[in-house]
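Heads up, the thing below is written out as C-alpha cells.
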Amino acid sequence: MEIIRRNKALMAEIDRIAEVAGYLWTKGWAERNGGNISVNVTHLMDDESKSLPALAPTRPLNEEVPFLGGHFFYVTGTGKRMRYVAQAPFDNGSIIRIAPDGKSFDIIAEQPVGPTMEIHSHLMMHNYLRSIGRETTVVLHTHPTDLIGFSHCKPFLNSEHLTRTLWSMIPEARIVVPKGIGIVPYAIPGTMELAYATIEQLAKHDMLLWEKHGVLAVGDDIIDCFDAIDTMSKSAQIYFNARWAGYEPVGMTDEELEALVPAFNLPRM
Ligand code: 13P
Ligand code: ZN
C-alpha cells in the first residue's frame, strides 16, 4: 500500500521490528509461531495513513484501553512465524487503530492480518504504562528456552530469588535490567486471566516471566527490549552451564552487586 510505504519514518521502525523478529528466530526463541510483538507507532503515522479505512470488521476489546484511544500499533499476526515476520512484516502482521473510546480496534494496513492471540495482554500493558505516565512504545514477547527453564523450578518462581541469581552471573544483567524480572503465574495463553495477572507485575518490573511459557519486555525501543532479554538469557546460560558442569556458580557478592547502583546510576527494584 503506497500510503504506508511512502512514510519513511514508519518504514524505518518496521525494519527494526523485522530485524528483531529475525534475531528471535536465530536465537531459537521462536519455535513455530512462538512470540509476538506490538509497537506503538502513533508518533510515526502521517495524516493520510491515520485515516486509512478499516480492512476488516471492527473488533471489540474485552477490556477497554482508554489511554490508547486513537493510538496506532504494529502488531504481529496470530499464528505467524517470526522468521517470516523478519522477511515480510506486512504479510505477517498489521497496523491497527484503537477507537477513540478505547473499546475496539480496526485493522487498517496493509492486509487484514488478525493480531496475536495475546493482543489483550499487549494492549492492557501499553494502556497500564500510559496510565502511570510512561510513554513506553514496545511490548516484546518471546520463548527463550533457558529463562523458561527456570520457571519449572519452584524456588525460582520467586522474583527476588530469580532476579538475584540472574543478576549475579554478570554485571551487565543488573545494569541492563535494573528492575529485575517479575513472575506471572501460569495461565492459559491468550486469556484475560493472563492479561490481568501480567499488568499486576508491571508496576515494579520491565521484564516478566510467564510461568512455563515465555518472557515479556517493555521499553521505548525494540532493540533495547531484545537486548534486555538476551542479557538475562546469557545469565541463565552461565548458571545452567555451571550446574551441568557439576558446580554451583559462586555469583557476584551482595557488595559487588550493590556497587553497580551508584556506578551506573541504577534505579532500585
Ligand atoms: P500468536 O501466534 O497468536 O502470537 O501466539 C504465539 C504465542 O506465543 C502465544 O503466547
Ligand atoms: Zn507465547
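The values are calculated or read from the model by the stated rules, or taken from the named source; none is laboratory data. None of these values were measured; they are calculated from a predicted model. Positions of Cβ are generated from backbone atoms using ideal geometry, with glycine treated the same way; all protein chains shown enter the neighbour counts.
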Any hit, region 48-64, residues being closer than 20 Å to residue 137 by Cα, among the polar types (S, T, N, Q) and either under 19 Å from the mean Cα position of the chain (by Cα) or in a strand (DSSP E or B) (or both): no
Out of 242, 228, 236, 217, sole residue that is surrounded by fewer than 17 Cβ atoms within 10 Å (Cβ to Cβ) and either touching a Gly at 6+ places or on another chain (Cβ under 6 Å) or at pLDDT 95 or above (or both): 242
Looking only at region 1-19, and only at residues there that are out of contact with any strand residue (DSSP E or B) (no Cβ under 7 Å at 6 or more places or on another chain), at pLDDT 95 or above and of a type outside the set (Lys, Arg), the one that is nearest to residue 137 (Cα to Cα): 10
Failed item in (1) touching a Gly at 6+ places or on another chain (Cβ under 8 Å); (2) assigned to a helix (DSSP H, G or I); (3) not small (Gly, Ala, Ser), with residue 200 passing the rest: (1)
Counted residues, region 180-212 - those being within 14 Å of residue 36 (Cα to Cα), out of contact with any His (no Cβ under 7 Å at 6 or more places or on another chain) and of a type outside the set (Gly, Ala, Ser): 1
Which numbered condition residue 34 fails, given (1) without any contact (Cβ under 8 Å) to a residue 24 or more places away in the chain; (2) within 16 Å of ligand 2 (Cβ to nearest atom): (1)
Subset of region 47-81 [surrounded by fewer than 20 Cβ atoms within 10 Å (Cβ to Cβ) and polar (S, T, N, Q)]: 51, 58, 62, 78
Restricting region 191-204 to residues that are crowded, with 17+ Cβ neighbours inside 10 Å and free of Cβ contacts under 8 Å to residues at least 60 places away in the same chain, the residue that is nearest to ligand 1 (Cβ to nearest atom): 197
Odd one out for residue 263 among (1) away from ligand 2 (no atom under 16 Å from the Cβ); (2) in contact (Cβ under 8 Å) with a residue 60 or more places away in the chain: (2)
Some residue of region 215-229 being farther than 20 Å from residue 76 by Cβ and either part of a loop (DSSP other than H, G, I, E, B) or of a type in the set (Gly, Ala, Ser) (or both): no
